[in-house]
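Everything on this sheet refers to the single structure shown next.
The values are calculated or read from the model by the stated rules, or taken from the named source; none is laboratory data. Predicted, not measured: the structure shown is a model, and the values here were computed from it. Note that each Cβ is placed from the backbone with ideal geometry, even for glycine, and that neighbours are counted across all protein chains shown. Accessible surface areas use protein heavy atoms only, side chains included; no ligands, DNA or RNA. Shrake-Rupley method; radii C 1.70, N 1.55, O 1.52, S 1.80 Å.
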Amino acid sequence: MFLLNPPRVVDFDVWTAMPDAYRKPQRSAWADANRGGAPADSFLEGPVFDAQGNLYVTDIPWGRVFRIDPAGNWMLVAEYDGEPNGMKFLDNDRLLITDYKNGLMLLDVASGVVTPYLERRNSERFRGVNDLVFDRQGNLYFTDQGQSGLHDPTGRLYRLRPNGQLDLLLANIPSPNGVALAPDERVLYLAVTRGNCVWRVPLMADGSVSKVSQFFTSYGPSGPDGLAVDCEGNLLVCNPGLGYVWLLNARAEPVAVFRSTRGMSTTNLAFGGPDRRTVFCTESVSGSILKAVAPHPGLPLASRSGKPA
């Protein structure tokens, strides 16, 4: 990669960490499959803010969702038999969760009740859904990762329309993970973890995809994970294994690199703060939330109604 100007390096600060009272240093079925059997007292993912400035995160191995208030205080919202990963607000009161074990699940944040939303397609279970994003028309794009990779490039990208129609857009992905939309919503960015890259997926007017290409290529032991877009159209890419969040311009050139100061497992991120210019990133293995100020505000996220949640 040839760059005229090297990227600016910004060190994350540790904003908050999971209290010891919530940690479970035990074996789990999820950790046996995904962490080589090592005990995982937590594994944070899916950060998303509500309108009051509270940050919600998932804890995959123990089926939990937490709410963290603006002062950094943690509260357990839900604990259930699942493996929750990505989250986005369906509306002001409910979170839609991509649950590796159960499919799409719905969480009422006031009561903590979790119910099925879409568990199967044509009576067939998903491989293991991972992350999701709404567009302004209320379409939901989500990834079905499972254990796919270069050895088995059969991960999938779906679109669920507001009328309930489910479209399979791609079925040849070696580990589809994070998803984000460009500001004009004509392009979807797709993290391909085991391919160590980010794909650029044009969304055609007839609902199809065409001329999918490789937008960004990374390196190291684990590839891109969570994605976000700022108001200028720059793409932020979480890169566990490196402990980085890349900030890429329209040519996929790194403009800045946010660097973890606690652990290498930078899995996902969300823009928060009063001006949406603070990046909050899950460092999953340590159970920490990192933060840093970005050059531009984050693009507001839509809900099922198409309006910002």
Hits in the range 274-309 (condition: outside any strand (DSSP E or B), open to solvent by less than 40 Å² (accessible area, probe 1.4 Å) and modelled with pLDDT under 95): SER303, GLY306
Subset of the range 245-258 that is in contact (Cβ under 8 Å) with a residue 12 or more places away in the chain and either in a loop (DSSP other than H, G, I, E, B) or of a type in the set (D, E, K, R) (or both) - its residue that is surrounded by the fewest Cβ atoms within 10 Å (Cβ to Cβ): ALA250
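Which residue, of ASP93, ASP59, is open to solvent by less than 50 Å² (accessible area, probe 1.4 Å) and either of a type in the set (D, E, K, R) or at pLDDT below 95 (or both)?
Values: ASP93 fails: open to solvent by less than 50 Å² (accessible area, probe 1.4 Å).
Unique residue meeting the criteria: ASP59.
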Single unsatisfied condition, THR115 versus (1) touching a residue at least 12 places away in the same chain (Cβ under 8 Å); (2) closer than 17 Å to GLY63 by Cα: (1)
Test result for GLU45, in contact with a strand residue (DSSP E or B) (Cβ under 9 Å, 6 or more places away or on another chain), charged (D, E, K, R), surrounded by 16 or more Cβ atoms within 10 Å (Cβ to Cβ) and under 23 Å from PRO274 (Cα atoms): yes
Condition met for GLY220 (buried (at least 17 other Cβ atoms within 10 Å of the Cβ) and part of a loop (DSSP other than H, G, I, E, B)): no
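Restricting attention to the range 223-244, and to residues there that are aliphatic (A, V, I, L, M) and not in a loop (DSSP other than H, G, I, E, B), which single residue is nearest to VAL179 (Cα to Cα)? Full working, then the answer.
Step one: of the range 223-244, the residues aliphatic (A, V, I, L, M) are 227-229, 235-237, 242.
Pick out the ones that are also not in a loop (DSSP other than H, G, I, E, B) and you get 227-229, 235-237.
Numbers: LEU227: 6, ALA228: 8, VAL229: 10, LEU235: 11, LEU236: 11, VAL237: 10 Å.
Selected residue: LEU227.
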Scan of the range 264-273 for residues that are modelled with pLDDT of 95 or more and either basic (Lys, Arg) or in a loop (DSSP other than H, G, I, E, B) (or both), ordered by number: MET264, SER265
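Which is among the aliphatic types (A, V, I, L, M) and without any contact (Cβ under 8 Å) to a residue 24 or more places away in the chain, of ALA33, ALA40, ALA71?
On the way: ALA33 fails: without any contact (Cβ under 8 Å) to a residue 24 or more places away in the chain; ALA40 fails: without any contact (Cβ under 8 Å) to a residue 24 or more places away in the chain.
Within the list ALA33, ALA40, ALA71, the selection yields ALA71.
Those residues that are among the charged types (D, E, K, R) and either farther than 27 Å from PRO224 by Cα or open to solvent by 40 Å² or more (accessible area, probe 1.4 Å) (or both), I need them from the range 62-83; list them, please. Spell out how you get there, then give the answer.
Taking the range 62-83 and keeping what is among the charged types (D, E, K, R), we get 64, 67, 69, 79, 81, 83.
Selection gives ARG67, ASP69, GLU79, ASP81.
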Which numbered condition LEU190 misses (of (1) more than 21 Å from GLY226 (Cβ to Cβ); (2) open to solvent by less than 10 Å² (accessible area, probe 1.4 Å); (3) hydrophobic (A, V, I, L, M, F, W, C)): (1)
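Results for (1) more than 27 Å from VAL257 (Cα to Cα); (2) touching a His at 6+ places or on another chain (Cβ under 8 Å); (3) in a loop (DSSP other than H, G, I, E, B), shown as yes or no for each residue.
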residue	(1), (2), (3)
LYS24	yes, no, yes
TRP30	yes, no, no
ALA40	yes, no, yes
VAL48	no, no, no
ALA51	yes, no, yes
VAL65	yes, no, no
LEU76	yes, no, no
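Only one residue in THR261, THR278, THR266, THR282 is of a type in the set (Val, Ile, Thr) and free of Cβ contacts under 8 Å to residues at least 40 places away in the same chain. Which one? If you could, list the steps in order and put the result at the bottom.
On the way: THR261 fails: free of Cβ contacts under 8 Å to residues at least 40 places away in the same chain; THR266 fails: free of Cβ contacts under 8 Å to residues at least 40 places away in the same chain; THR282 fails: free of Cβ contacts under 8 Å to residues at least 40 places away in the same chain.
Just one listed residue meets the conditions, THR278.
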Filtered residue count, the range 1-54, keeping only those that are under 30 Å from GLU253 (Cβ atoms) and among the hydrophobic types (A, V, I, L, M, F, W, C): 12
